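What follows draws every value from the coordinates through simple rules; no lab data is involved. Everything numeric here is computed off the predicted structure, so don't read it as measured data. Cβ placement follows ideal geometry from the backbone for every residue including glycine, while neighbour counts extend to all protein chains displayed.
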């Protein structure tokens, strides 16, 4: 019974924790401009992240090593450092976006800000990283994040024309108006938002934090293959709400208020309260994850002592680097830059960094020295290689598309 | 001397010909000393004529999946060979010079060793 | 002093030396080092060899051996080039190595080694003064 409870908790946490500010903003923007015609990208991204999260989780459970520890062993320091630098900078950018997201959510709730909320957000994230147990942190933010289900509820309350939505999804070409390159730019951005690198780092390091062993593989698989897709459905719900309410009126998404507009319209103040709480939990959780990821990547690359399971005094460089990252993120936001803009840039660069993360994971998951006989089977390898190819295409196309389309305008 | 100073050095044969670059250094683990690891003795250099890249474990026969990547890395490191340390005459800052005609020992254990140079 | 000679063993031995082959870049360099309590010490940033020197002929009376693992700033020349002076090497001698498998197990506690001074410095100067730094998370 206890096992079922643990598995269920893991799944629910995975669902509630799947969406972050990148998914929120990108799906809403896409829904408001292209309707559901980019649904296939979301689905592709969900399958992709499932394949790779499962691999990195399995590596952590079987070998007891987290991803970045192995990246340096496999690539050597020069390529490994290039990998670290790129991953770390993009992680930092994502962290900044998430802190900004917390501030935006608080602004929605309180009506003032967001600038004044930034120090609050920074302190809040830091104190949780400093003092709270890993599992409590994950479970609380994940479960409260389930409030985002209100997007799905709102969708039903809006009585949309399901036929239209279905047509948009299955015949994407009907929705492309204007520059077709913009469509592909957003496809790449959406893909980057769904497959953000930090999720993989975090998932595998979290596996080591929670002391996963081979016995936990079943739980790990349930989290990934049930939790992530359901979480992905939430992304689609966000896009659908935007497609139903914002698209017909050509409302552009520039802030959180447009993103939650469909929910407020469908369910009034109560629904709005739920969605704000949900966004707060999701961005706070994501901020925790990206902060920890920046610590994990640095510490694992250089071989420092790391982990929330250790007292801060026993992982000094790990905690110091996270404090510095938070200060840098706060510093960037203090310049007054728009957090939504930061988010949009971070998802595109996430797409660029994907191959750096995923290639080493694929190599390690096939190495019997780390995996024993839990190496990838043929099907998993086939899928993984396919996605590696997709990832490479997206990574190469991202920056040119961003420049040519001027970030999708 | 540091291992990193040996890695990536070009290897020149007895007649000055370019045999490739050092991509790894092979040791033999000596007998364990009680609880401790034994000595590591340098026995050979792994030399690749075409690439300096790490092989990620693929070429040692340990990892061979996914097939696509394994094949690509095998192609990059084709003709990689093992050069016994005894054949090395001197180590300079910019190259390693061999002192004798060295037999071709392919790294890939599935390939047979021929006697010619 | 013994000069270069034809190889001494049947050639197959160089591919598989009594099952005791160990390729340093693949299996030693950049590996994680753990102390007896499984606390990470550092990665292996370089390896110090004795019995071979740059610029001189190789003496084949004795094979070169591994004498120490280098940590810390030793990683920088590997990325950016150049040489670090011997006096700055942070060394962990090979005689401290208990086992070298997927990680390198060292017999000395992380705190007791000179080479890990930076972690201790940050701990004592930066982290411990912050409230809660010495407590386990709850």
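Evaluated on the range C:97-138, the Kirkwood hydrodynamic radius is 12.4 Å, with distances taken between all distinct Cα atoms.
The mean count of C-beta atoms from other chains within 10 Å of the C-beta of residues in C:112-124, rounded to a whole number, is 3. Relative contact order for chain A: 37 percent, from Cα pairs under 8 Å spaced at least 6 residues apart, divided by residue count. Our compactness index for chain A, the C-alpha radius of gyration over the empirical 2.2 N^0.38 Å, is 0.92. For the peptide A:127-139, the mean number of other protein chain Cβ atoms found within 10 angstrom of a residue's Cβ is 2. In percent, rounded to a whole number, the relative contact order of chain C is 23, using alpha-carbon pairs under 8 Å and six or more apart.
At 4 °C and 1.567 mPa s, grab the translational diffusion coefficient of the range A:1-126 from Stokes-Einstein with a Kirkwood Rh over Cα pairs, rounded to a whole number in µm² per second. Roughly 72 µm²/s, to the nearest whole number. Of all DSSP bridge pairs formed entirely within the range C:22-127, close to 90 percent run antiparallel. Across chain C, the convex hull enclosing all Cα atoms gives 164 Å³ per residue.
Comparing A:305, A:350, A:37 in a Gaussian network model of chain A, where Cα atoms under 10 Å apart are tied by springs, the biggest mean-square fluctuation is seen for A:305. Shielding by partners for peptide A:363-370, expressed as the average number of C-beta atoms from other protein chains within 10 Å of each residue's C-beta, is 6. Ranked by the mean number of other Cβ atoms within 10 Å of their residues, highest first, the peptides A:194-204, A:372-382, A:115-125, A:40-50 come out as A:194-204, A:40-50, A:115-125, A:372-382. Largest GNM mean-square fluctuation among A:76, A:330, A:113, using chain A with Cα springs under 10 Å: A:76. With neighbours defined as other Cβ atoms within 10 Å of a residue's Cβ, the residues A:371, A:322 order from fewest to most as A:371, A:322.
Dimensions of the range B:3-106 based on its C-alpha atoms, expressed as ranges along the principal axes with the largest first, amount to 45, 39, 24 Å.
Panel values: the range A:139-268, Kirkwood radius from alpha carbon pairs, Stokes-Einstein at 25 °C and 0.890 mPa s, translational diffusion coefficient 143 µm²/s. Note on chain A: with a GNM built from Cα contacts shorter than 10 Å, the maximum mean-square fluctuation among A:180, A:339, A:360 falls on A:180.
By the beta-carbon count within 10 Å of each Cβ, the least crowded to most crowded order of A:21, A:70, fewest first, is A:70, A:21. Of A:159, A:319, the sequence from fewest to most neighbouring Cβ atoms within 10 angstrom is A:159, A:319.
Here is the size of the range A:195-341 from its Cα atoms: Rg then Dmax, 19.0, 56 Å.
From most to least packed by mean Cβ count within 10 Å, the peptides B:88-97, C:115-124 give C:115-124, B:88-97.
By the helix-only formula, in which each DSSP H run with n ≥ 4 contributes -39500 (n - 2.57) and the sum is divided by residues, the protein assembly as shown has a 222 nm mean residue ellipticity of -17500 deg cm²/dmol. Each principal axis of the Cα cloud of the range A:70-224 was evaluated for its coordinate range; sorted largest first, these ranges are 49, 42, 37 Å. The packing ranking of peptides C:46-58, A:161-173, A:395-407, highest mean first, is C:46-58, A:395-407, A:161-173, where packing means the average number of other beta carbon atoms within 10 angstrom of each residue.
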